[in-house]
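Here is the structure we will look at.
Bear in mind these aren't lab numbers, they're just calculated from the coordinates by the rules spelled out. Only a predicted model underlies this, so the values are computations on that prediction, with no experimental measurement involved. Here the Cβ positions follow ideal geometry from the backbone for every residue, glycine too, while neighbour counts run over all protein chains shown.
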């Protein structure tokens, strides 16, 4: 009788499978690369079983594949496994492990000459062999090593990413990892056709482009959560954006922090449950920048995918934005609730040179001021005047509430600001803090602002 076993070139199988639009179990197997050395062994086994069970005579073996890939050969230095894994592994142990896995190992003095079986297409370099040795030796037998802080000196980008993640996580956001691929529909919705990097052979239309905005991946995560009944979402990711720069250049890669928030703020001992708003996300941004020691400015700005927003300038360089997502973008992702987004380039968050900050030993003193101002006046102008009138005792300014509507006059808004005072070496007296607040009230009154009231020890409306 005759028998046939086949091995096909992976690149040809994949090319014709795509051109003809035919995807079968066989094509998927061979395009990933099957073992070219397997057919002779399989053929011999099949012949053995046929002769044993059915009788007959075995025919000749005919091989039409004259250029089968040859087994690869890799040199492995005998001391390399110990150096790479950080544990002393005897040469004999390395030899026995590789031989036991089916590798042909030849001792050539300071190195092993290893012939890799054709079935192991994943083995091509010296480090691959070390991985096999470590796997069989047992990762649990490799002792852990704590690197000294001196070994990390000079690695600011890595340290900076870690600090950003730690700060944002501590402020109540959960880190996620989103897909780097987006659809052409998303690209058009964000008017990003000119900067989109398109994939030549996408698996599906849904993954036909690489994201030009990290926000796109996070919006898909929020959409999945909302469809499953999770309304309150606060997530972030530190990842890369990819932007087209022409056919002759590689895409531009920017590493950014992106955070999105939607839903309600949980009830706590300071305030009642309420809906998240723009100022919550802005508070995350300002807290992050202040902890990193960056000088910053936030100014109102228009972006095509935001209802309203602001541009972020860090150390004199514009490097990000913050705002509320437009309704038409939200509808694209089937988002049911308002969503607030911020994005900042990581490279711009290089922290200022400053030493460790001492933990305060004395309690802070809080004061609140409510100011009536014109609608078109941005909050940053109010904050600038407050800081101008204050001394170093003022350690934090926080927006507590923004109110519009009756009984306020048309075109006016009321902003309530929380002021936090603290001294590092002693407890502040009420009279000192009252004097600080009076200075703020005076300068605001001179600039035409109306003080509706202030609490905490001076006077109340």
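Quick check: the distance between the Cα centres of segment 212-237 and segment 86-147, to the nearest angstrom?
43 Å
For segment 151-254, what is Rg from Cα atoms divided by 2.2 N^0.38 Å, rounded to two decimals? Walk me through the numbers on the way to the answer.
On the way: Rg = 16.1 Å, N = 104, 2.2 N^0.38 = 12.8 Å.
In units of the 2.2 N^0.38 Å rule of thumb, it is 1.25.
Could you order the peptides 114-121, 290-297, 19-26 from most to least packed, using the average number of other C-beta atoms within 10 Å per residue?
114-121, 290-297, 19-26
Would you mind putting 209-215, 298-304 in packing order, based on average other-beta-carbon counts within 10 Å, highest first?
209-215, 298-304
Just to verify a number: FRET efficiency for residue 247 and residue 184, C-beta to C-beta distance, R0 = 22 Å, to 0.05?
The computed FRET efficiency comes out at 0.75.
Starting from 0 in steps of 10 Å, tell me what percent of the Cα-Cα pairs of segment 327-407 lands in each bin.
10, 25, 33, 24, 9, 0
Report, in cubic angstrom per residue, the convex hull volume of the C-alpha atoms of segment 365-455.
Details: hull volume 7.6 nm³, N = 91.
It is 83 Å³ per residue.
Can you sort 449, 362 by how many other beta carbons sit within 10 Å, fewest first?
362, 449
Just round it to a whole percent: the fraction of Cα-Cα distances in the chain exceeding 39 Å. Each step should come with its number before you reach the end.
Details: 52123 of 106030 pairs.
Distances greater than 39 Å cover 49 percent of the Cα pairs.
Ranked from highest to lowest mean number of other Cβ atoms within 10 Å per residue, what is the order of the peptides 275-284, 244-253?
Packing order, densest peptide first, comes out as 275-284, 244-253.
Regarding segment 230-357, what's the average projected area of the Cα-atom convex hull, expressed in nm²?
10.7 nm²
So what is the 222 nm mean residue ellipticity for the chain from helices alone, if each DSSP H run of at least 4 adds -39500 (n - 2.57) and you divide by all residues, rounding to the nearest 500 deg cm²/dmol?
Helix-only estimate at 222 nm: -9500 deg cm²/dmol.
Of the DSSP beta bridges with both residues in the chain, give the percent that are antiparallel, rounding to the nearest 5.
Close to 95 percent.
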